[in-house]
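The values are calculated or read from the model by the stated rules, or taken from the named source; none is laboratory data. Computed from a predicted model, the values in this text were never measured in an experiment. Neighbour counts run over all protein chains shown; Cβ positions are idealised from the backbone, glycine included.
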Protein chains: 2
Amino acid sequence: MAAVAAASRRCLLLVLSAAGLGLTGAPPPPNILLLLMDDMGWGDLGVYGEPSRETPNLDRMATEGTLFPSFYAANPLCSPSRAALLTGRLPIRSGFYTTNGHARNAYTPQEIVGGIPDSERLLPALLKGAGYASKIVGKWHLGHRPQFHPLRHGFDEWFGSPNCHFGPYDNRARPNIPVYRDWEMVGRYYEEFPIHLKTGESNLTQIYLQEALGFIRRQQAAHRPFFLYWAVDATHAPVYASRAFLGTSQRGRYGDAVREIDDSVGRILGLLRDLGVAESSFVFFTSDNGAALVSAPKQGGSNGPFLCGKQTTFEGGMREPAIAWWPGHIPAGQVSHQPGSIMDLFTTSLSLAGLQPPSDRAIDGLDLLPAMLQGRLTERPIFYYRGNTLMAVTLGQYKAHFWTWTNSWEEFRQGVDFCPGQNVSGVTTHSQEEHTRLPLIFHLGRDPGERFPLSFASSEYLDALRKITPVVQRHQESLVPGQPQLNVCNQAVMNWAPPGCEKLGKCLTPPESVPEKCSWPH
Amino acid sequence: MAAVAAASRRCLLLVLSAAGLGLTGAPPPPNILLLLMDDMGWGDLGVYGEPSRETPNLDRMATEGTLFPSFYAANPLCSPSRAALLTGRLPIRSGFYTTNGHARNAYTPQEIVGGIPDSERLLPALLKGAGYASKIVGKWHLGHRPQFHPLRHGFDEWFGSPNCHFGPYDNRARPNIPVYRDWEMVGRYYEEFPIHLKTGESNLTQIYLQEALGFIRRQQAAHRPFFLYWAVDATHAPVYASRAFLGTSQRGRYGDAVREIDDSVGRILGLLRDLGVAESSFVFFTSDNGAALVSAPKQGGSNGPFLCGKQTTFEGGMREPAIAWWPGHIPAGQVSHQPGSIMDLFTTSLSLAGLQPPSDRAIDGLDLLPAMLQGRLTERPIFYYRGNTLMAVTLGQYKAHFWTWTNSWEEFRQGVDFCPGQNVSGVTTHSQEEHTRLPLIFHLGRDPGERFPLSFASSEYLDALRKITPVVQRHQESLVPGQPQLNVCNQAVMNWAPPGCEKLGKCLTPPESVPEKCSWPH
């Protein structure tokens, strides 16, 4: 890793000197735009093989940049993956997990008490060290209580919501989720910010687009490098699109949402071009976890040829679409087989800014600049966690499963299916099956769908296991789990009276405070 | 269809006048190259989302031409699909089916007595009317007895084999398959044309490549328009590759075969460019049926997000990769959602040559020139047959299954699985389930994987059924099935003493002639 870091610094110098702007020597670091989708699957873009091919802007972004076919979320669920992006660390380190049950996914509903700990150092705070202005547009999801507010963790601006756009609620048993501008709420979903569940109509993506374009224009006018974290959520159930896009997709309402996002990405890249800052803007597009097949086909996307979806540690749960774009720097039309992780966006962004990641803690993100600028590949493990349990690891082409589980028989019998139409005997299990002594191993090149486990007796199996075992041992021996943040829930902490509610007359009265163990069924 | 044909003629005139060559007015019609793969699946090309992305030449062909995401074989099995390509007719019309059982796939093993009837008019014979020289390179598969020889059905040249490259055989109970040059055999597989089953090494793709390049060069030198049917079979189990490609794919031996074919396609297109005839050469790449998942992962490919594979009438069995290339005529980077069929290559080729399809018989192929040159879409049904049984039909986005079947419980229990890792309850059935009165209907845009049948009670279901029913009725009422060719087998008709065997000293003695009903288990 040291060699890689050194190479990346050299490389950055090359790049910066190639840009060769200014009289003072080094040009300013590039703008950084991270476009994070919600529950979008690997198979949802035309360039990843979606048969309806309705993402011309994203497909073009790929032909102008680098596509990563093997890029991973840090978790099969939203909040932990988002915490990992902004900290560069596995959720097990940052505390974005639960110990309430074995191998349980957890996130931040509005009754959650925890959130991003103050001890974590987030990307926008670090980028301040290089003079970046930063904004988050859309879903934060790292806790909604005051101490977890994104502007307390480095962002300069926020327009969006702390939690998922579930609802509508009655504001008595459960409040509607607030939408914030910076420090204060400016309304609530289903109220000032309508989402029509029946028609699927909502203007939210258009609002989030305008927030992005406005921020870009302002920072450009101020000649300040900026960090934009554009975390839209139209592809998370209940999926929505604005009227101009509703009914336009061959894929139904989910496709309408994808088309609107694709169009918005086209507008964002177009503005960068129009402002003449495309070559000084690094843009990365990816998603927080695999498509939610439990909501398919009307409210969920596609994981292409991969097994299962969101909530699982099969490829469909964690392999993501990923496109890097930086004209004049990243070669056009490149495909990188570098195994990538959402956590790499942390380290790569710091590298772009000429900054070092914090040295006082374990950082899991890799600098992707050598892969993107020089086509170099770095071997590194991909860890698949579910809550506090290391379910699987991929090293090179080999993926070893230490635990297999989709969901419980109880849930499955009620129709909750994370793998509809898929059933790999002994693999997509409905009880938690331990394989720590003899992992199930798949060759992801020959068998990306995880359908054909290697024979335990084969030399290929033994060779793969011999390589994987010490990597996992080192990881587990050195791992210091963070204080789990997703154990305790309390109805009293819900979004009853967010800051700013008084001005709007939208404060609600919280119930009595009763801390409880959160229930995480899968 | 009449309007389409007229439009297509107009369009052809436009195209030809745009090319504007020669003093005599009309330029010569373009060369036609049909590159037909064997058991390659929809998901096997990078441009269709294969994660290893090892087909740079085919991906480039797509960016320079038109990609069809909804293009279909005429049958989930090789021989019938190939008969359909060359006749423009469904196998049920040309006789490429069996009545030995209900809904059974059948093909042309070397004990088959039947083959392509003399009454069928094949594409190469018709193209002679416009002065085309024609060659088939590779697998013929329309019967191996003398009356079925490709040079008796319009081809001027042949280099390849009449049957699959199964073997090695002992030449006593069963002869090895001959390889022909034109009228006579020049050797046998596993003898003069080695395929090493253990290592997977064979030079056959290189030989087939040279045959193609040589033919192109000769016809170009002679200033004759040509038709090349390049029917390679390296991706059919047992898959093979030459030494230079063995071990180079991330996907194992199957991927090695794909890489060698991709490289070969690059060389063919490169030669057309080098000879300055790219703009007067129409090239189409597709496959005969879906990937053979029964041979996966080491000997079978990928059907991407689709259900099941070869032998089945789910999308994985019949949806194919399809790329059209004709620089200067077909727009670069176009995606056409025209539902296409391998039979369209017959009609389209005739249209390119300025010829009409035979008017004395039903032709199922559509002229794709309006789709490719003008972006026009024509509604047309896609019929999915298994033997003599119409299993399913797609019209627009709706696919109705009248029968569902994968294979028998007996076969399945023995490990023969056409849908490994996939199981859609009531859909991937192991008994033949009739749904003719209440078809299962899927929306392929929202649900390309055929996992979520529409509710019978929904208005969407009823509307779809109302559209589909009369189309199927018209088809079935007007259908005149051909004399079934794939019913009778006889050990005596095997390739014991093909023409030319005397010169090589390779004639074998046939056993007594005993005609039998062929056994078609699935």
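Mind checking which residues of segment A:329-347 are in a helix (DSSP H, G or I) and within 16 Å of residue A:35 (Cβ to Cβ)?
Residues of segment A:329-347 that are in a helix (DSSP H, G or I), as a first pass: A:344-347.
Passing the criteria: A:344, A:345, A:346.
Name the single residue, out of those in segment A:1-46 being surrounded by fewer than 21 Cβ atoms within 10 Å (Cβ to Cβ) and modelled with pLDDT of 50 or more, that is nearest to the other protein chains (Cβ to nearest Cβ).
Step by step, filter segment A:1-46, then rank; the result is A:27.
So residue A:391 passes all but one of these: (1) within 27 Å of residue B:427 (Cβ to Cβ); (2) in contact (Cβ under 8 Å) with a residue 24 or more places away in the chain; (3) hydrophobic (A, V, I, L, M, F, W, C). Which condition number does it fail?
Every listed condition holds for residue A:391 apart from (1).
Working only within segment B:143-188, note down all residues that are within 24 Å of the chain's Cα centre (by Cα) and among the hydroxyl-bearing types (Ser, Thr, Tyr).
B:161, B:180
Residues in segment A:455-497 that are in a loop (DSSP other than H, G, I, E, B) and in contact (Cβ under 8 Å) with a residue 24 or more places away in the chain: how many? Full working, then the answer.
Here is the first cut: in segment A:455-497, the ones in a loop (DSSP other than H, G, I, E, B) are A:455-458, A:479-487, A:490, A:494-497.
Those still in the list that are in contact (Cβ under 8 Å) with a residue 24 or more places away in the chain too: A:479-487, A:490, A:494-496.
Total meeting the criteria: 13.
Go through segment B:289-328 residue by residue and tally those that are within 18 Å of residue A:449 (Cα to Cα) and assigned to a helix (DSSP H, G or I).
6
Within segment A:498-509, restricting attention to residues that are in contact (Cβ under 8 Å) with a residue 12 or more places away in the chain and touching a Pro at 6+ places or on another chain (Cβ under 9 Å), which residue is surrounded by the most Cβ atoms within 10 Å (Cβ to Cβ)?
Filtering segment A:498-509 for residues in contact (Cβ under 8 Å) with a residue 12 or more places away in the chain gives A:498-501, A:503-504, A:506, A:508-509.
Next, from what is left, pick out any that are touching a Pro at 6+ places or on another chain (Cβ under 9 Å): A:498-501, A:506, A:508.
Working: A:498: 26, A:499: 14, A:500: 18, A:501: 18, A:506: 21, A:508: 17.
Once the filter is applied, the top-ranked residue is A:498.
Name every residue in segment A:385-425 that is under 15 Å from residue A:310 (Cβ atoms), within 14 Å of another protein chain (Cβ to nearest Cβ) and in a strand (DSSP E or B), in order of residue number. Talk me through it step by step, then tell me what you get.
Step one: filter segment A:385-425 for residues under 15 Å from residue A:310 (Cβ atoms), giving A:385-387, A:391, A:405-407, A:411, A:416-420, A:422.
Checking which are within 14 Å of another protein chain (Cβ to nearest Cβ) leaves us with A:406, A:417-420, A:422.
Hit for segment A:385-425 is A:422, nothing else.
Taking segment A:204-224 as the search range and keeping residues that are more than 23 Å from the chain's Cα centre (by Cα) and not polar (S, T, N, Q), which one is nearest to residue A:257 (Cα to Cα)?
A:214
I'd like to know if segment B:70-92 contains one or more residues that are within 14 Å of chain A (Cβ to nearest Cβ) and hydrophobic (A, V, I, L, M, F, W, C).
Yes, the conditions are met somewhere in segment B:70-92.
Going through segment B:443-463 one residue at a time, which ones are facing chain A (nearest Cβ under 7 Å) and among the hydrophobic types (A, V, I, L, M, F, W, C)?
First pass over segment B:443-463, keeping only residues facing chain A (nearest Cβ under 7 Å): B:445-449, B:451-452.
Passing the criteria: only B:452.
Got a sec? Which of B:93, B:104, B:89 is at pLDDT 95 or above, of a type in the set (D, E, K, R) and in contact with an Asp or Glu (Cβ under 7 Å, 6 or more places away or on another chain)? Give the steps one after another, and end with the answer.
On the way: B:93 fails: in contact with an Asp or Glu (Cβ under 7 Å, 6 or more places away or on another chain); B:104 fails: in contact with an Asp or Glu (Cβ under 7 Å, 6 or more places away or on another chain).
The match here is B:89.
Given the residues A:436, A:428, which is the only one that is among the polar types (S, T, N, Q) and either within 13 Å of chain B (Cβ to nearest Cβ) or not in a loop (DSSP other than H, G, I, E, B) (or both)? Before the answer, list the steps.
Details: A:436 fails: either within 13 Å of chain B (Cβ to nearest Cβ) or not in a loop (DSSP other than H, G, I, E, B) (or both).
Sole residue among the options that is among the polar types (S, T, N, Q) and either within 13 Å of chain B (Cβ to nearest Cβ) or not in a loop (DSSP other than H, G, I, E, B) (or both): A:428.
Just checking, does segment A:91-109 include any residue being of a type in the set (Ser, Thr, Tyr) and outside any loop (DSSP other than H, G, I, E, B)? Let's see the steps before the verdict.
Initially, segment A:91-109 is screened for residues of a type in the set (Ser, Thr, Tyr), giving A:94, A:97-99, A:107-108.
From the residues that got through so far, the ones that are outside any loop (DSSP other than H, G, I, E, B) too are A:94.
Scanning segment A:91-109 turns up at least one residue that is of a type in the set (Ser, Thr, Tyr) and outside any loop (DSSP other than H, G, I, E, B).
This table checks each residue for (1) within 14 Å of chain B (Cβ to nearest Cβ); (2) in a loop (DSSP other than H, G, I, E, B); (3) under 24 Å from the mean Cα position of the chain (by Cα).
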| position | (1), (2), (3) |
| --- | --- |
| A:250 | yes, yes, no |
| A:255 | yes, no, yes |
| A:261 | no, no, yes |
| A:264 | no, no, yes |
| A:268 | no, no, yes |
| A:272 | no, no, yes |
| A:279 | no, no, no |
| A:282 | no, no, yes |
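Hey, could you check segment B:333-352 for residues that are over 12 Å from the mean Cα position of the chain (by Cα) and of a type in the set (Ser, Thr, Tyr) and say which is surrounded by the most Cβ atoms within 10 Å (Cβ to Cβ)?
Keep residues of segment B:333-352 that are over 12 Å from the mean Cα position of the chain (by Cα), which gives B:333-340, B:347-352.
Imposing the further condition that a residue be of a type in the set (Ser, Thr, Tyr) reduces the set to B:336, B:347-349, B:351.
Values: B:336: 23, B:347: 25, B:348: 26, B:349: 31, B:351: 24.
Checked segment B:333-352; the qualifying residue surrounded by the most Cβ atoms within 10 Å (Cβ to Cβ) is B:349.
So residue B:350 fits all but one of (1) assigned to a loop (DSSP other than H, G, I, E, B); (2) touching a residue at least 60 places away in the same chain (Cβ under 8 Å); (3) farther than 30 Å from residue B:449 by Cα; what number is the exception?
(1)
List the residue pairs whose Cβ atoms are under 8 Å apart, where the first residue sits in segment A:125-149 and is touching a residue at least 40 places away in the same chain (Cβ under 8 Å) and within 12 Å of residue A:86 (Cβ to Cβ), the second is in a helix (DSSP H, G or I) and of a type in the set (Gly, Ala, Ser), and the two are 6 or more positions apart or on different chains.
What qualifies is A:127/A:349; A:141/A:79; A:142/A:79; A:142/A:83.
Residues being under 22 Å from residue B:306 (Cα atoms) and touching a Cys at 6+ places or on another chain (Cβ under 7 Å): count how many of those fall in segment A:266-292.
1
Regarding segment A:330-340, can at least one residue be identified that is within 14 Å of chain B (Cβ to nearest Cβ), closer than 15 Å to residue A:475 by Cβ and β-branched (Val, Ile, Thr)?
Checked segment A:330-340: no residue is within 14 Å of chain B (Cβ to nearest Cβ), closer than 15 Å to residue A:475 by Cβ and β-branched (Val, Ile, Thr).
Report, by residue number, each residue of segment B:148-203 that is at positive phi and either β-branched (Val, Ile, Thr) or part of a loop (DSSP other than H, G, I, E, B) (or both). Spell out how you get there, then give the answer.
Applying the first criterion (at positive phi) to segment B:148-203 yields B:154, B:160, B:167, B:171, B:182, B:187, B:190, B:200.
Matches in segment B:148-203: B:154, B:167, B:171, B:182, B:190, B:200.
So which residues in segment B:471-497 are surrounded by 16 or more Cβ atoms within 10 Å (Cβ to Cβ) and under 20 Å from residue B:103 (Cα atoms), if there are any at all?
Initial filter on segment B:471-497 (surrounded by 16 or more Cβ atoms within 10 Å (Cβ to Cβ)): B:471-472, B:475, B:482, B:484-491, B:493-497.
Passing the criteria: B:472, B:475, B:482, B:484, B:485, B:486, B:487, B:488, B:489.
Could you tell me which residue of segment A:117-136 is nearest to the chain's Cα centre (by Cα), considering only residues that are buried (at least 24 other Cβ atoms within 10 Å of the Cβ) and either of a type in the set (Gly, Ala, Ser) or part of a strand (DSSP E or B) (or both)?
It comes out as A:136.
Only one of A:244, A:234 is buried (at least 23 other Cβ atoms within 10 Å of the Cβ) and away from chain B (no Cβ under 14 Å). Can you tell me which?
Values: A:244 fails: buried (at least 23 other Cβ atoms within 10 Å of the Cβ).
Of the residues listed, the single one that is buried (at least 23 other Cβ atoms within 10 Å of the Cβ) and away from chain B (no Cβ under 14 Å) is A:234.
Looking for whichever is in contact with a Ser or Thr (Cβ under 7 Å, 6 or more places away or on another chain) and among the aromatic types (Phe, Trp, Tyr) here; the options are B:97, B:169, B:72. Which one fits? Let's see the steps before the verdict.
Working: B:97 fails: in contact with a Ser or Thr (Cβ under 7 Å, 6 or more places away or on another chain); B:169 fails: in contact with a Ser or Thr (Cβ under 7 Å, 6 or more places away or on another chain).
Result of the check over B:97, B:169, B:72: B:72.
If we keep just the residues of segment A:47-64 that are touching a Lys or Arg at 6+ places or on another chain (Cβ under 9 Å) and in contact (Cβ under 8 Å) with a residue 12 or more places away in the chain, which is nearest to the other protein chains (Cβ to nearest Cβ)? Show your work before the answer.
Looking only at segment A:47-64, we keep the residues that are touching a Lys or Arg at 6+ places or on another chain (Cβ under 9 Å), and these are A:47, A:50-52, A:54-55, A:57, A:59.
In the following step, the residues that additionally are in contact (Cβ under 8 Å) with a residue 12 or more places away in the chain were identified as A:47, A:50, A:52, A:54-55, A:57, A:59.
Working: A:47: 8, A:50: 8, A:52: 6, A:54: 10, A:55: 11, A:57: 14, A:59: 9 Å.
This residue is A:52.
Please find, among A:378, A:348, A:404, A:394, the residue that is among the β-branched types (Val, Ile, Thr) and farther than 23 Å from residue A:69 by Cα. Let's see the steps before the verdict.
Numbers: A:378 fails: farther than 23 Å from residue A:69 by Cα; A:348 fails: farther than 23 Å from residue A:69 by Cα; A:394 fails: farther than 23 Å from residue A:69 by Cα.
Unique residue meeting the criteria: A:404.
If residue A:355 passes every condition in (1) of a type in the set (A, V, I, L, M, F, W, C); (2) surrounded by fewer than 21 Cβ atoms within 10 Å (Cβ to Cβ); (3) within 14 Å of chain B (Cβ to nearest Cβ); (4) not in a helix (DSSP H, G or I) but one, which one does it miss?
For residue A:355, the failing item is (3).
In this structure, does residue A:237 turn out to be small (Gly, Ala, Ser) and without any contact (Cβ under 8 Å) to a residue 40 or more places away in the chain? First the steps, then the outcome.
Numbers: small (Gly, Ala, Ser): yes; without any contact (Cβ under 8 Å) to a residue 40 or more places away in the chain: no.
For residue A:237, the condition - small (Gly, Ala, Ser) and without any contact (Cβ under 8 Å) to a residue 40 or more places away in the chain - is not met.
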